[in-house]
Every structure is written in structure tokens, then in C-alpha cells.
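Notes follow the structure.
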Amino acid sequence: MSLHKKILIVILVASAGAFLWMEQQQNNFTSGTDGQRASLPHPGHSAPDFILDQLSGEGPVHLREAARNHTGAVVYFWTSWCPFCSASMEAVEETHRVHGESIQLIGVNVTSQDSIQAAEDFLEEHSITFPNVMDQDGTVADMYYVPPVPAVFFVDSGGTIVYRKTGAVTTAELEQEISRLKEAD
């Protein structure tokens, strides 16, 4: 077997393992089987509030205020090096273009696992227009228990988490959960 084939097999196995682990993390939150669920942010609990500076330099974003001034907020944790984040970011941007007037979409770059320059380049390369903030020391990611990226939280206008997803997110999933946010408002 050639070296290229061996490398490809290793990459495929590692990707499958990462995908299965993210799926298990998601199942832990939706089924409550992880033993820590009661103390971690999950649906029905208040979203930990934050105020973080935007990568664009346009000033800080305050989650509680953003959710209150809209029908709710979608908080999307990502890094520039994450392959799942790239595909999901396109879905979040598309959703922003459709729902940006009623739902505040906020990208949270886990800058403690990334670099500001790489994050800025990523946003420019993907033509991202919704606010993206910097979690430079990882405090916000820790408050939300974001073990892997991407992770997305749907927060209603009262500041309560209504849905949480660990792993890649699709436009269809975003649309479904935003519909629920709008119905509940």
C-alpha cells in the first residue's frame, strides 16, 4: 500500500472518530447522560452572558442585550483551523442574510485555540458579515462547555438556551431552530 493511501486512511479514521465523539457529546446534552448536565449550560437554563470585542474592531457585543433586542440570538463557536467550522460558517452566514433583522447571529472565535490573524483571514476568505467576537482566554467557551468546535447555541429573547448543537450545523438545522425561537417569542 502506498504512503498516500496510508495517510488517507489515517485521516479518514481520525475524521470518523472526531465525528462520532462530537455526536456523543451532542447526545449527552440531549439525553442528560453525561452526569454533568445539571451544571452545564443546556436547554432550559440561562445562557451565560458575555461582552466580547469584535474581530472587526467595531466594538463589543453583549449577548443578553443582543438577544433582548431581537427575537433571540444564535451563538456559534468556531476556530479557523476546524474543517467542520468552515462548512458550518457558510450555513450561519446564509442564515444571517435571511434572518439577520430578527435574530442576532454571533460568531465566537475561540481565540485561545486560534490566532487573531488566522480568524480575521478566515472571515475575509468566507465573506462573513455577521458579528464575530474574540474569546481570547477561552473563558466564554469554558462557560458554555464547548469541548470541540463547532458548537452552536440558540438563545431566546429572555436569555434562555432553547437548543444546543455540538458539531457541524446545516442551514436546515439553523432554519428549524430559528423557527422555534420565532414561535416562542
Using a 1.4 angstrom probe with every protein chain in place, what is the largest-first accessible-area order of ASP185, ASP49?
-> ASP185, ASP49
Give the shape of segment 106-146 as rounded, prolate or oblate, defined through the alpha-carbon gyration tensor: a ≥ b ≥ c are the square roots of its eigenvalues, a/c under 1.5 means rounded, and otherwise the shape is prolate if a/b is larger than b/c and oblate if not.
-> oblate
What figure in square angstrom, to the nearest 10, would you give for the accessible area of VAL110 with a 1.4 Å probe?
-> 0 Å²
Cα gyration tensor category, rounded, prolate or oblate, for segment 63-156 with a/c compared to 1.5 = oblate
Set the Förster distance to 35 Å, then compute FRET efficiency between TRP81 and LYS182 from the Cβ-Cβ distance, nearest 0.05.
-> 0.55
With all protein chains present, calculate the accessible area of TYR163 using a 1.4 Å probe and round the result to the nearest 10 Å².
-> 60 Å²
Toy charge model, Lys and Arg Cβ at +1, Asp and Glu Cβ at -1: segment 31-185 dipole around Cα centroid in debye, rounded to 20, equals 580 debye
Give the cross-link partners of LYS182 among the aspartates and glutamates, using a straight C-alpha distance below 15 Å as the criterion and excluding same-chain residues fewer than 8 apart.
-> GLU101, ASP156, GLU173
Length-normalised contact order of segment 31-168 in % [C-alpha pairs under 8 Å, at least 6 apart] = 36 percent
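The values are calculated or read from the model by the stated rules, or taken from the named source; none is laboratory data. Being a predicted model, the structure only gives us computed values, none of them experimental. As a convention, Cβ positions derive from the backbone with ideal geometry for all residues, glycine included, and neighbour counts pool all protein chains shown. Just so you know, the surface numbers come from the protein's heavy atoms only, side chains and all, with ligands and any DNA or RNA stripped out. Shrake-Rupley method; radii C 1.70, N 1.55, O 1.52, S 1.80 Å.
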